[in-house]
Amino acid sequence: MALSDPLGDMLTRIRNGQRAGKNSVMAPASSLRSNVLDVLQREGYIRGYEKVDVRKGISELRVELKYHEGEAVIKEIARVSTPGRRVYSKIKDLPKVYNGLGISILSTPRGVMSDHEARQANVGGEVLCRVF
C-alpha cells in the first residue's frame, strides 16, 4: 500500500514507539526521512539511527529512541506541512516552538535544518514538523 504522507508516517511511528516504551522503531528509508532524523539526532531528541537492508532494493531506518529518567525525550512531535496543505515561512515570520524550548524542522534551499540553524543561515522554507 502506498503512503500519501511518508514523513507523517515516520513521525507517527516515533510517537507511538515512545508512548509504548520501545527502544527502537523501524520506518521505510528515504533521503528526506534520513535528513529529518539527522536534525533530530543533532538536536538530541533521538539516540541515533541506522539504515538496515531488509532485502535487495528495500531498506529501512532503525530509529533508536531516547529516554531521560524513564520518560520520553520527545513530548510532542507533529506534522505541520501536509501533502494537501503546504506551509512555507519566511525566517522573520517563523514562530518559536514553546518559546524556544522546542524546534521546527524546515526544508530549505540549503537542505533540511532546524529553526535555530535556519535563523543563523537567514533562510526560510517549508515547515515540515514541530518537535518538543
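The values are calculated or read from the model by the stated rules, or taken from the named source; none is laboratory data. Here the structure is a predicted model, which is why all the values come from computation and not from measurement. In this analysis, Cβ positions are derived from the backbone assuming ideal geometry, glycine residues included, and neighbour counts consider all displayed protein chains. Ligands, DNA and RNA are stripped out before the accessible areas are found, and what is left, the full protein with its side chains, is counted by its heavy atoms. Shrake-Rupley method; radii C 1.70, N 1.55, O 1.52, S 1.80 Å.
Summary of values
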item: Low-density loop cleavage sites - GluC sites (Glu not before Pro) in segment 28-110, where at most 13 other Cβ are within 10 Å (DSSP); result: 69, 76
item: Share of Cα-Cα pairs in segment 67-107 lying beyond 12 Å, as whole percent; result: 70
item: Apportionment of accessible area to carbon and sulfur, segment 1-108, percent (1.4 Å); result: 47
item: Potential lengthening between residue 41 and residue 64 on full extension [0.36 nm per residue; Cα-Cα distance subtracted]; result: 7.3 nm
item: Selected from 36, 80, 52 as most flexible by GNM, with the chain as the system and alpha-carbon contacts under 10 Å; result: 52
item: Euclidean distance between Cα centres, segment 1-28 to segment 54-132, Å; result: 15
item: Mean projected area in nm² (Cα convex hull; one quarter of hull surface) for the chain; result: 8.6
item: Per DSSP, loop trypsin sites (Lys or Arg not before Pro) in segment 89-132 with at most 16 further Cβ within 10 Å; result: 90, 96, 110
item: Full-stretch length increase - residue 51, residue 5 - with 0.36 nm per residue and alpha-carbon distance subtracted; result: 14.6 nm
